[in-house]
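Bear in mind that the values in this text are calculations on the coordinates, not laboratory data. Since the structure is predicted, the reported quantities are computational estimates derived from the model, not experimental observations. So basically every Cβ, Gly included, is an ideal-geometry build from the backbone, and we count neighbours across all protein chains shown.
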Amino acid sequence: MPLANRLSLTRLINARPGEARAALAGFGLFFCLFSGYFMLRPIRESMGIQGGVENLQWLFTATFVAMLVAVPLFAWLNSRVARIHYIDWVYGFFCANLLLFAALFFFLHESVWLARAFYVWISVYNLFVVSVAWSLMADVFDAPQAKRLFAFIAAGASVGGLAGPAASALLVSVMGPFGLMLLAALLLLAAVALKHYLMAWREVGGAGRAGAEPAESPRRPVAGNPFSGLTRVLGSGYLLGIAAFVLLLTTASTFLYFEQARLVAELFPDRAEQVRVFGAIDFAVQAGALLTQLFITGHIAQRLGVRVLLAVVPGLVCVGFIGLALVPTFAVLAALMIVRRIGEYAFVRPGREMLFAPLYAESKYKAKNFIDTVVYRGGDAFSGWVKALLDTLSQGTLLVALVGAGCAAVWGVLGWYLGGRADRRAGSALQDKMPA
């Protein structure tokens, strides 16, 4: 690439000399992950409806139970395998799972129980592959780099989120679930290759960094036992705050998700039409998130701080829930879903990952993985049952929307507090050595 073009690219993505290629590799890794996932997401949503909207809380609970089993196993692996190879094992395992499901759908494509099993599995898959990818980013980039580059890296997820639904809509009638799963497996292998480049970049000190201390060497396993993610969270007020933030996020998301599933099932009874509706929503979300990540997020993070990234979206969701209580229509709900998901991808997710950048590897991998999986899916399961209880108390949307507005308000206050702590930590001279 000519020097002038490299300099223009460096300025565009807010990188400094020596960082552009690593940022592009991170962008590409998330593109691969999200392209594969979003090819399969519309299929997942239609399969959730196939099993019955009234049974969604059971699927959420089954996903939580699967997380309780999976997290200690992956934490055990993390304690036995060198950090530089850990993602190879995780992604290799999920790639084999995708090939197995592809074969099962080829022969048993109308099975309700297979649809339910796939719904639970892909809900586990999505959180795990994304969580360990962000653990990698927090491991490779330090806190100041995270503020400058994470918005651009997250934009790779949005581009993948645009390509995935488009590929699903174009190819599902030709390839079916079988072919889409094979393609998703290939993209997962491409993500592994990009991960190797990033770890190699990290090992040579990145953009002139001193590199990690010997105790933090990626050629060693992460310290701790299969349950150290839980114990580390319980022993840190900062990590407990992040866990509470995630619980409130999932509560707002689950309330909206259940309402969306109920209204789509009522208004669009045909499965192909449901897949198109979900695909259209996904496309709008990813397009909006991409534009926001490229032109807004990084400037907000640097000029206004992480606290604004973590507080503005809950505030908008709170207002949106109040609007839904006043005008309970699918159009209002779809608009609120789109705003919430754009905000989560463009502001909340990069902001959440910035919270982990100054921490030790055990917090970046085990505690973070526990929060991103067990806490997240536990919040899904709990809020799913709360939503079912609220539905029994009131047949309309009013009560659910008001409770959602209250949760979003608390979520915003907590985001402001955690972001403020992260902003102060990022300015500390000890930012690369600070424990949780």
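Things worth noting here:
- Membrane-span-like helices of the chain, defined as complete DSSP H segments with a Cα extent of 27 Å or more along the helix axis and a mean Kyte hydropathy of at least 0.5, are identified as 20-50, 56-80, 83-107, 112-140, 143-203, 237-267, 271-292, 306-326, 398-426.
- The stretch 229-275: C-alpha gyration tensor shape, a/c 1.5 cut-off, then a/b vs b/c: prolate
- Exposure proxy ranking for 196, 299, based on other Cβ atoms within 10 angstrom of each Cβ and starting from the fewest, stands as 299, 196.
- Value of relative contact order over the chain, rounded to a whole percent, pairs C-alpha under 8 Å and six or more apart: 29 percent
- Per-residue Cβ neighbour rank within 10 angstrom, fewest leading, 411, 113, 416: 113, 416, 411
- Exposure proxy ranking, count of Cβ atoms within 10 Å, fewest first, for 273, 259: 273, 259
- Total formal charge among the other residues, if their Cβ is under 12 angstrom from that of residue 28, Lys/Arg +1 and Asp/Glu -1: +2
- Within straight-line cross-link reach of residue 195, lysines at Cα separation under 30 Å, skipping those fewer than 8 residues along the same chain: 147, 364, 366, 368, 433
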